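Notes follow once the structure below has been shown.
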Amino acid sequence: MNQYMNNLQRDEFIAKYELPTWKYNYKTEDTNERKFIHKLEDEIFEFQENVEIFDIISLEKENAKYKLDEDLYPVENENEEFILETDPKVVERQEKALIERMLAPRTQTLHERIYDMPEPFNHWDSRSFWHQFFFIEDKEENKCKYVRGNSGSSSSREYNGRWTHSFAYAAKRDIKIPTFHLIYDQHNQLKHHTQYDEFKCLPYDVSGNYQSNRSEINELFSGCFIEVATKLEFN
């Protein structure tokens, strides 16, 4: 169930294999050896992970008995059934290739953005490559307020859906809502890309955390969606 042992299961495991819970055998009881028991717990958790890896590899090796494509995935016939491999030498080579793919070292690339941006653009969430800001002029308080939406968190997706719907609804009633499209480029500069005289928004997360339906979205956002290029050149 992808869960580590709880305290009771841990104690039963320690008792089963008669594992000592203190470091020094000249002491009759555990006094200040919490570091030792913590290390023992870590080893027990690592044991659980190794058992899972063993099971996963065993299941992965099962695929070696089928014909595999160049990416080592089973090939199906016209009846969507996996085709058995009849050559034992091929099965052996595929088994080794599958184990190699499973256990080969993996690398991860991390990106860190360093910037100094004015409010409200000084918020950055690496979980979302886009952010939408909805500005509302409060004439009674003589203030300009804003809400930010993106796909980084459940609340941000809810805000995005709620305010895209609100602004699109207002735009359908001939309320003029200009839209500014800004791009944060590879040189940590905020660039003005496009300006629209009417309300525009991105087609992402307008529904989901904020409940809507396809027919309402098609009608309400007709002509509102804009696409974002993955790479934009600036003069």
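Assuming Glu49 fulfils every condition listed in (1) over 24 Å from the mean Cα position of the chain (by Cα); (2) under 30 Å from Asn7 (Cβ atoms); (3) modelled with pLDDT of 90 or more apart from one, which condition is it?
Result: Glu49 fails condition (1) only.
Quick check on region 110-169: of everything there that is over 27 Å from the mean Cα position of the chain (by Cα) and small (Gly, Ala, Ser), which residue is nearest to Pro203 (Cα to Cα)?
Step by step, filter region 110-169, then rank; the result is Ala168.
Mind checking which residues of region 165-214 are closer than 23 Å to Gly152 by Cα and of a type in the set (Val, Ile, Thr)?
Passing the criteria: Thr179, Ile183, Val206.
Look at region 172-214 and say how many of its residues are under 28 Å from His111 (Cβ atoms), in a loop (DSSP other than H, G, I, E, B) and not acidic (Asp, Glu).
So the answer is 11.
Can we say Ser155 is touching a Lys or Arg at 6+ places or on another chain (Cβ under 8 Å), of a type in the set (Gly, Ala, Ser) and surrounded by fewer than 13 Cβ atoms within 10 Å (Cβ to Cβ)?
No; evaluated as a whole, the condition is false for this residue.
For region 115-168, give me the residue count where each residue is hydroxyl-bearing (Ser, Thr, Tyr) and outside any loop (DSSP other than H, G, I, E, B).
From region 115-168, those hydroxyl-bearing (Ser, Thr, Tyr) are 115, 126, 128, 146, 151, 153-156, 159, 164, 166; that's our starting set.
Restricting the remaining residues to those that are outside any loop (DSSP other than H, G, I, E, B) gives 146, 154-156, 159, 164, 166.
Summing the residues that are hydroxyl-bearing (Ser, Thr, Tyr) and outside any loop (DSSP other than H, G, I, E, B) in region 115-168 gives 7.
Would you be able to say whether some residue in region 52-68 is surrounded by 11 or more Cβ atoms within 10 Å (Cβ to Cβ), of a type outside the set (Asp, Glu), farther than 30 Å from Arg101 by Cβ and assigned by TED's automatic domain parsing to the domain that holds Val91?
Looking for residues that are surrounded by 11 or more Cβ atoms within 10 Å (Cβ to Cβ), of a type outside the set (Asp, Glu), farther than 30 Å from Arg101 by Cβ and assigned by TED's automatic domain parsing to the domain that holds Val91, one finds none in region 52-68, hence no.
Would you be able to tell me the number of residues in region 5-56 that are part of a loop (DSSP other than H, G, I, E, B) and among the β-branched types (Val, Ile, Thr)?
Summing the residues that are part of a loop (DSSP other than H, G, I, E, B) and among the β-branched types (Val, Ile, Thr) in region 5-56 gives 3.
Take region 190-203 and flag every residue that is in contact (Cβ under 8 Å) with a residue 60 or more places away in the chain and over 23 Å from Ile175 (Cβ atoms).
Hit for region 190-203 is Leu190, nothing else.
Can you tell me which residues in region 147-174 are in contact (Cβ under 8 Å) with a residue 40 or more places away in the chain, closer than 17 Å to Glu137 by Cα and of a type in the set (S, T, N, Q)?
Thr164 - this is the single residue of region 147-174 that is in contact (Cβ under 8 Å) with a residue 40 or more places away in the chain, closer than 17 Å to Glu137 by Cα and of a type in the set (S, T, N, Q).
The values are calculated or read from the model by the stated rules, or taken from the named source; none is laboratory data. The shown structure was predicted, so the numbers you read here are calculated from the model rather than taken from an experiment. In this analysis, Cβ positions are derived from the backbone assuming ideal geometry, glycine residues included, and neighbour counts consider all displayed protein chains.
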